1. Which one, A:V131, A:M149, A:M90, projects farthest toward the positive side of the charge dipole computed for the stretch A:17-165 from Cβ point charges (K/R +1, D/E -1)?
2. Within a Cβ distance under 10 Å of B:D173, other residues only, what is the Lys/Arg minus Asp/Glu net charge?
3. Taking every residue in A:111-120, how many Cβ atoms of other protein chains lie within 10 Å of its Cβ, on average?
4. Counting Lys +1, Arg +1, Asp -1, Glu -1, what net charge surrounds B:C212 among other residues with beta carbon under 13 Å of its beta carbon?
5. What's the ranking of A:96-105, A:147-156 by average number of surrounding C-beta atoms within 10 Å, highest first?
6. For peptide A:136-145, compute the average count of partner chain beta-carbon atoms within 10 Å of each residue's beta-carbon.
7. Could you please report the charge total around A:T261, scoring K, R as +1 and D, E as -1 over all other residues with beta-carbon less than 10 angstrom from its beta-carbon?
8. What is the calculated FRET efficiency for B:Q965 to B:S167, with r their C-beta to C-beta distance and R₀ = 30 Å, to the nearest 0.05?
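The numbers here are math on the coordinates, done by the rules we state, and not lab data. None of the values given here were measured: they were computed from a predicted structure. Glycine also receives a Cβ, built like all others from the backbone with ideal geometry; neighbour counts cover every protein chain displayed.
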Amino acid sequence: MAAAMASAAERAVLEEEFKWLLQEEVHGVLRQLQDILKEASHRFALPVGGTEGPVKQENFILDTSSADQVKGVLMLQGDALCQADINLKMPRNNQLLHFTFREDKQWKLQQIQDARNHVNQAIYLLTNRDVNYQFKTGSEVLKLMDAVMLQLTRARNRLTTPATLTLPEIASSGLTKMFTPALPSDILVNVYINLNKLCLTVYQLHALQPNSTKNFRPTGGSILHNPGAMFECGSQRYEVSHVHKVECVVPWLNDALVFFTVSLQLSQQLKDKISVFSSYWNYRPY
Amino acid sequence: MKTSMPAVALWGKRAPSHSITAIMITDDQQTIVTGSQEGQICLWTLSSELKISSKEILFGHTASVTCLAKARDFEKQPYVVSATENGEMCVWNVTSGQCIGNANLPYRHTAICYYHCSFRMTGDGWLLCCGQYQDVVIIDAKTLAVLHTLISFQSSDWISCMCIVHSTRIQEDSLVAVSVTGDLKVWDLSSSVTSIQERQSVYEQESKALDCTNCQAIRFCTYTERLLLVVLANCWKVYDYCDFSLLCTEFNKSGQCFAGGEVLAARRLIIWTEDGHSYIYQLLNRWAQIGNEHKKFSGHSKSIYPADGKVLKETVYPHLLCFTYVKENKSFPFVMGFMNERKEPFYKILFSGEASGRITLWHVPDVPVSTLDGSPKEIPIAAAWTLQDDFDKHHAMSEGIIDHICASEDGTESAAVTSSIYVPNLDKLVCGCEDGKIFVTLALHAAKARILEDISLLKHTLPSKVLKGHSRSVTCLLYPHGKSARFDPSWLVSGGQDSCVIWWDIFTEEILHQFTLQAGPVMNLLLSPENYRLNGHRIVCCICSDHSVALLHLQERVCLLHARKHLFPVKMIKWHLAENLLIVGCEDDSVYVWEIETGTLERHETDEMAKAILISCEESECLVTDSILPGSQDTQKHKIAGYKSSSSYKLDTLSHNLTHTEKSSDKVRPFTILPVKTKWNNISFHVLLFDLEKLVELLLSSQLSGLKSSNSFHSYDTLKRAKSTAEKKTLMLKRNKTAGSLFPMDGQVKNACEKKVHRHNSAARSLEESSGIKRHKKMKSSKKIRLQPPGKIDANITADTAKLLLSCLLPWGVDKEVDNHCVRHLDIFRLQCPVSFGLVSNGNHISLMLPGWNCNHCDVVEEHMPINLFSRKVLDLSNKYITAGQGQTGKKYGLHHNADGTQGSQIVFYLLSRVSLVNRIVTLPLEFTSAIDRTFYIFSDKSGFHFPDPGNVSLVKLISCWRDQSIKIIEVIQAALLAEVQRSMKTLKKTSVSNQPMTMIDNGNSEVQTLAKTEQTEQMVKCIKNIPFPTAVSVGKHGSCSNSANFQAVEYMPDRCVMEESESPGESPLKIVPEYQMINMTQLLSQSNKAHCNAASFLAAGMSN
């Protein structure tokens, strides 16, 4: 209603304001966004010192407050798990098992790599529109922000939503084959990122007898399987008897998630600012 | 079996937005394919003079298109594959516009390369894909299933670009790719075909860090088979393919970003930028500049057989020859590509697509040269075109459905339609316009007035109402009665850009209440779930552009809650019944829980807790009623596209909603209007959907039982007069009861009808249900009578729809005789201008012709003659059709024996049943390979007793083979129609010479038996047998051939006699129509009833057989 009755003077003011928004404010926000995202991107690379050089290795001692069945240290180098040291106390016989990664192997944490790539894509989108660039229409800004937000949402979702795997998928994944001494056939391990935490789950299995009267129902995909979950692998049926989940907060993942949230909010606010003006012009692709 | 549905698009003055994100030119250089951010694929015709015209727009994707690539050997099959942001993949036949296959995979592709190695591979080849995932995925081009992955041994990462290197010198096809971190990787392709088929791990042959990020393109020079071009955002480099040594680097100037490049010829490159510029370079040899003594060196390196790479190294540098640029509008990124010439008439074309929707072409000369003084020369733009250009050029074709109504109001140009809904039970179309007006009009009549010629009379009599209340454009509309019968059918709710929600009575044009929200434009209007009521009423939920949600209680005229805390756009709305909570899910995956009664924000949760809340809501009894998608203004489009296998819940519910509405509406109506809204410019257009099968069904059943509308006429009239809602409801009930009890026999017939129809659906329907549907229909048609001055317009909505469809399909302007014949004998109208055909296939793929589709023919014929011929091919096909159908010609014409106008509707019915048959054959599942199988399948599907005669078999054969030749369905239909009309014309001439008037058949049973002895009837029975009636009232499969054929004849007879009685020779067909109606309504009622009795007794006889 208001806009329909807006006087010519009012309109002129609005035009002026919109122009300011496009020429000044947008660049300010983009600058800010870029700074935040670069900061986030640095968290992923974590160089030893300076900007070049090999990526720093960090040790994470897994939290064992719940029970001391599983103890472990994971060494993270950027997006790769380069060393793992796992101590497992078998509940049946209190036998202590010790596994480490083979020297020649690294396990890539796909979630971290994807998140890093998404952030870099967002940064690339922003660098194309530096201060010298003149935005002419609002929809141009909206489209840019949409593209940036898409990447950021994906980056965040990669960290917040670990893959849901089935037990046979875990059993056949390369991770189980990376240890020395080799993992016994009744133990499965899985490593993933959940929010800001690096999680290690160890499943202890017990083989079901072929003539077992137990009602066999294979379980579907899940982030964390519960004891009692069943699956079939190579014509042998297993049931999960024990599940141990140990985790450790990765500080820089926490930072990155905060950066994502802040920049998503910034982007949305910019979009909202542009959209306000959209309602004043019916006939223009604002 | 899923058949396709013909559709007609009624565009508006403004073209739908098409922000190009991917572009390619097909190998034959006749079609440009573009993919848009909105998710549509657009096909453009590229003439040999490099003129562009839009051809067709394909709906099917639900997200932005990321890449396009050819999906087969183009000469054999003109297939193109498209991939989207959300992992959908579709293979399209770009000649026929059909979707050949689709898949939804958890991969986001950014580039696809088609690879086929004919002597090592079986099948249709592979699609090598890369994108936002590790390494390279191999997808089967035919099934779109993931075959295998090419994996990296070292530093596995996303691949940002790749190309296939096919070299005769190396005798090995390889895939060269660069990862996002700048690692160049080479995988062997041809030698690893078997290991890929056996799913063994395939690692890269070579991996080399190029020390560069943001790689945009990599290209192999097939001329020298030596050079490798790598384009980065800030520079481009040339490498030696043998040892990957760097030969030269050229940095960009003035902050432009390089976006891609291609090798033009030996040592000649073209590089383009993100803002639409391009540069052609010649790689020069440094030695050649220095002196003669090095001549042998330069000659050496030009022919590229140097012994070692060192000679080549550091010896080339680029020289800029030519450039191209675009003057205006650099604000949107360009997607560009280059098409090299292949054989003679082909050009070297540089093409670009912009987010604004413009396509620009440059014709790159075979030998690009710089100007005489050595400075680079500009290559001029050869062509530039947008969708809007076609809409402006063919303005008659792009006229919107209600433009004529708006325009007639005042002389000014009509405002664009920004939102619209179709109300099926009233057959009304409600359109909200940019200027805030809402037009309410009769849908079918608006469509007729828009499409047909000579119907200008109708335009002025067209009843339309204008609701004035919004001050700015109307953004969304809700017809609550369509969702829940508890609402009054006269109510309409509209939301506008002025942040007002208005509750209307569409019959009285009154504003019942106006809610002012002050929350920015209203984006969407939803209704609370069926089981969520407040004081016995469902409430309206408004989503505003400031991300707030308002709950309105219409009956109490109050705003219950205005939830304003949301930081992000609302993605999901859920209702918790037990605790009276509103759960709002936002796009950042946070959840807000509002207490509806007090209006307080109870909780705000993010991450895991938010997920848990949403999941718990799903598990509890209260399910989502309505969900909107990101970019909620786009809901309609998403509806079109639908979701096949969606991973997230909200999409599931949407597709559920879609299928639900489709089911409920499609079973009843042969004709629907689907309003479609486009994303960015918020303009809607309309698609008329014709359900052929239903139409033929209804035509038949309406011919059987269509005359009862007169009876319900009166009762509906009183219904209309009744003011209060309560009164209406009771009256409605009463009317239904009487209608049900009036025609008990009729119900039986209908029941049998329904059985037949839904036999293959195995959906058993009760008698009540089916007659309810009929009643529904009656109501509509009777309403029409009330609104229209009787005698002017045909009362029968089905017949109208049928005629409208025929008008749209007929190839007008090909043969004047045919045209006149159609107008005179079929009682249908000419078209105002060519229509934009469309086709709905597989339930969720729609292809629509764009206004420029027939521009090729326009030049040939004078402008004023509307020519609706789809393509020249149709004439050819039509001739073939006639020859193929020769076997049955002799028998066929019994039907058209009487050369009178009143037979029009019968011929219309016959033609439509043929069209429906053709449509069935074309869309037949592929597993029926042999023609005989197909024939049996088609005919057995319809009725158990139709044995295909040779004519039909050859027809099926012919049409099936057309399908394999990627001929458009619409072309086949048009060809068949043309042939049938021509054929009927011939018989008409024949029979008019020796016209033998048919004996009158008053009463079925005994008469038919006596008649059956006469030759004529026998002929007729035969011919009827030949026509596949999809809806034929039959006793099922067990009926013997002759018996059921007879039975059909009986079914048909009453109708015939009705027609014959109503005819009066010498009158023009136009006048006969109303007369026919009048007779129908009054005198013949008893007669037809009798006939139905007979039919029913025959039915009983058939059953006992």
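1. Final value for the positive-end residue is A:M90.
2. Working: positive: B:R120; negative: B:E172, B:D188.
Net of charged neighbours comes to -1.
3. Values: counts 0, 0, 7, 5, 0, 4, 9, 2, 0, 5.
For peptide A:111-120, the averaged partner shielding equals 3.
4. Details: positive: B:K208, B:K237; negative: B:D183, B:D211.
Within the 13 Å Cβ shell, the charges total 0.
5. Details: A:96-105: 13.7, A:147-156: 22.3.
Ranking, from highest mean packing down: A:147-156, A:96-105.
6. Numbers: counts 4, 4, 0, 8, 5, 1, 1, 7, 3, 0.
Per-residue shielding by partner chains comes out at 3.
7. Details: positive: A:R156; negative: B:D588, B:D607.
Summing Lys and Arg as +1 and Asp and Glu as -1 gives -1.
8. Numbers: r = 35 Å, r/R0 = 1.16.
E between B:Q965 and B:S167, to the nearest 0.05, is 0.30.
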